[in-house]
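Before any comments, here is the structure.
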Amino acid sequence: MARRYDSRTTIFSPEGRLFQVEYAMEAISHAGAAIGIVSQEGIVLAAEKKIISKLLDDDKSTEKMYKLDDHIACAVAGITADANILINYARVAAQRYLFAYQEPQPIEQLVTQLCDLKQGYTQYGGMRPFGVSLLYAGWDKIHGFQLYSSDPSGNYGGWKATAIGANNQAAQSILKQEWKAELNLKEALQLAVKVMSKTMDSTSLTAEKLEFATLTRPGDEVRYRVLTDQQVEALLKEANVGAEKKEEL
Amino acid sequence: MGDSIMSYNGSAIVVMVGKNCVGIASDRRFGVRQQTVATDFQKIYKMHDKLFVGLSGLATDAQTMYEKLKLRLNLYKLREERDIKPSSFSHLIASMLYERRFGPYFVEPLIAGLEGPENKPYICGTDLIGAPVFTNAFWSPELAQNLVRHVRDFVASGFGARGFVEVMAQCLLSAVDRDCLSGWGAVVNIITPD
C-alpha cells in the first residue's frame, strides 16, 4: 500500500511520512544497542558488540565507540559503514573549529553540524539517509557534561540517560525508572550493566560482548577511557550478571 | 633589515643528534625588524612525547603552520590510534609546504624525534617549500650561518643527555650573540627514551 512512496527518499507519503527515514530507523532497531548515562562525575557509554569472532583481527580498539575530539566521544548504532563516514565528518568538523577558534568545539554545535548533514539527505539529492543513530557524550565549559542522541532524520535531543539500537524502548523505560541526578560514576556504570543485561538478547553477558567507556574530567582535562576486558569482567561480576545470570531485585 | 622576509621576525633554531637522544633549541626573541617585541616567544612545539618541531622564519606563518599541523596530527591520532612517526611527520610537513609552492609559507621547520621501538634519534629540516634534508648530525635553517659554523665544531654524536644540554645551549647562545635579530634567552629541549 505504501509501496509507491518508498522509492524516492525526498518525498512525503500521503500520510505525511518519510518512508526512507523510517526504514533507516528500522534498520537501526536491529543493530546492537548502545546506552548513555550522565552522572555527577561524568558520562558512561555502554554498547553491545554484534560482531564477535575469534578470527577477528583487533586493529581498532573498539567497535561501537569512537573519540571525536579530546573532549567528545560517541557511540553508534546502525550500519557501520555509514557510521564511519559520519564519524570522520565529525572529527574533521571538530578540528576545523579548533583550528579557527583555538578552543574545543561546544558539543551541541558539533551535534547540530552532523544533524544538518543527516537532514540534507532527507530533503535533497535523492540519496538514501544514513542508517545510523549516534550518542554523543562530552564536556564543554558552557554546559559541562552533556549527552545527545541523533537519528537518521537529523533530529537530536539532549538527555540525562538514553538508549539507541535494539530494544531501546525497554532500555529507555528502565533508565527512566532508575536514573537519578545523584548518581556517581560507579553507580552509573552499574546501572549501565543492569540495563544491558535486561535488554540484550543473549543469555549471558561476557566481557567480549560488551564495550564500556567513560568520559570524565578529573582535573583540567577531559578524559575518555575505554574499559579493558578485565575491568568489564570485574564490573559484571559485581553486578552478578556473569555466566549464570542471577536475577537481581 | 627588510632584505629577507625570513629575517623579518628573527629566529635561530638548531637540532642535534646525541647518544640515544635528540635536542632542539631555539632563542626566545620575537621582533619586528629591529624592534624587539617579546622575549618569551615560543618557537618549538611538542607534537607528542617523542616528537618536537621548531618553526623558524616569519612568526605569523610559523604559528599558523603549527595550528595546521596540530589539526592534521589530531586527525591522524584519532584514526590511527597511535602517535605519528617522526619520519612520517617530516614527509607530512614537506608536502604541506609544497602545496603552497608558488605562494609559500615563510617557515623553515626543524623536526627532532625518536623513531621506532628502538628510539633511534631522528632529525630533519626542510626549506620553505618542503625540500627535506635528512642528516644524522645536526641542522639549522639557512639564515643562521653562524650557528652552523659553531655547531659543526661541536658535533655531538657522542654526547649523552646531560652534557648534550650544555653543548646545545652554548652553541645556540654563542651563535645568537653574533646575530642581532635573535637572542633574548634560549630554550633547549632534549628528548630521551624515557
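The values are calculated or read from the model by the stated rules, or taken from the named source; none is laboratory data. Predicted model, so just to flag it, every value in this text is computed and none were measured. Neighbour counts run over all protein chains shown; Cβ positions are idealised from the backbone, glycine included. Side chains included, ligands, DNA and RNA excluded: accessible areas come from the protein's heavy atoms. Shrake-Rupley method; radii C 1.70, N 1.55, O 1.52, S 1.80 Å.
Data table
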{"item": "Sole residue being β-branched (Val, Ile, Thr) and surrounded by fewer than 19 Cβ atoms within 10 Å (Cβ to Cβ), chosen from A:112, A:162", "result": "A:112"}
{"item": "Strands (runs of 3 or more DSSP E) within segment A:14-124 that include 1 or more residues within 14 Å of chain B (Cβ to nearest Cβ)", "result": "A:65-69, A:72-78"}
{"item": "Residue among B:55, B:69, B:97, B:92 that alone is within 14 Å of chain A (Cβ to nearest Cβ), under 30 Å from residue A:93 (Cβ atoms), open to solvent by less than 40 Å² (accessible area, probe 1.4 Å) and not small (Gly, Ala, Ser)", "result": "B:69"}
{"item": "Residues (in contact with a strand residue (DSSP E or B) (Cβ under 7 Å, 6 or more places away or on another chain), in contact (Cβ under 8 Å) with a residue 24 or more places away in the chain and farther than 30 Å from residue B:116 by Cα) located in segment B:1-40", "result": "B:6, B:9, B:10, B:11, B:28, B:29, B:30, B:31"}
{"item": "Segment B:52-67 residues that are more than 16 Å from residue B:94 (Cα to Cα), paired with ones that are surrounded by fewer than 22 Cβ atoms within 10 Å (Cβ to Cβ) (beta carbon under 7 Å, 6 or more apart)", "result": "B:58/B:5; B:58/B:6; B:58/B:8; B:58/B:106; B:59/B:30"}
{"item": "Unique residue being in a loop (DSSP other than H, G, I, E, B), open to solvent by 10 Å² or more (accessible area, probe 1.4 Å) and acidic (Asp, Glu) when the list is B:40, B:61", "result": "B:40"}
{"item": "Matching residues, segment A:67-81, being in contact with a strand residue (DSSP E or B) (Cβ under 7 Å, 6 or more places away or on another chain) and open to solvent by less than 30 Å² (accessible area, probe 1.4 Å)", "result": "A:68, A:71, A:72, A:73, A:74, A:75, A:76, A:77, A:78"}
{"item": "Selected residue [closer than 24 Å to residue A:212 by Cα, of a type in the set (D, E, K, R) and touching a Ser or Thr at 6+ places or on another chain (Cβ under 7 Å)] from A:63, A:41, A:108, A:48", "result": "A:41"}
{"item": "Residue check for residue A:181: open to solvent by less than 70 Å² (accessible area, probe 1.4 Å) and outside any helix (DSSP H, G or I)", "result": "yes"}
{"item": "Which listed residue, of A:228, A:214, is open to solvent by 50 Å² or more (accessible area, probe 1.4 Å) and modelled with pLDDT of 90 or more", "result": "A:228"}
{"item": "Among the candidates A:155, A:240, residue that is out of contact with any His (no Cβ under 8 Å at 6 or more places or on another chain) and in contact (Cβ under 8 Å) with a residue 24 or more places away in the chain", "result": "A:155"}
{"item": "Filter result for residue B:105 (within 14 Å of another protein chain (Cβ to nearest Cβ) and either open to solvent by less than 60 Å² (accessible area, probe 1.4 Å) or at pLDDT 90 or above (or both))", "result": "no"}
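Yes or no, residue by residue, for (1) under 16 Å from the mean Cα position of the chain (by Cα); (2) modelled with pLDDT of 65 or more; (3) of a type in the set (Phe, Trp, Tyr):
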{"site": "B:142", "(1), (2), (3)": "yes, no, no"}
{"site": "B:147", "(1), (2), (3)": "yes, no, no"}
{"site": "B:150", "(1), (2), (3)": "no, no, no"}
{"site": "B:153", "(1), (2), (3)": "no, no, no"}
{"site": "B:156", "(1), (2), (3)": "no, no, no"}
{"site": "B:166", "(1), (2), (3)": "no, yes, no"}
{"site": "B:178", "(1), (2), (3)": "no, yes, no"}
{"site": "B:182", "(1), (2), (3)": "yes, yes, no"}
{"site": "B:188", "(1), (2), (3)": "yes, yes, no"}
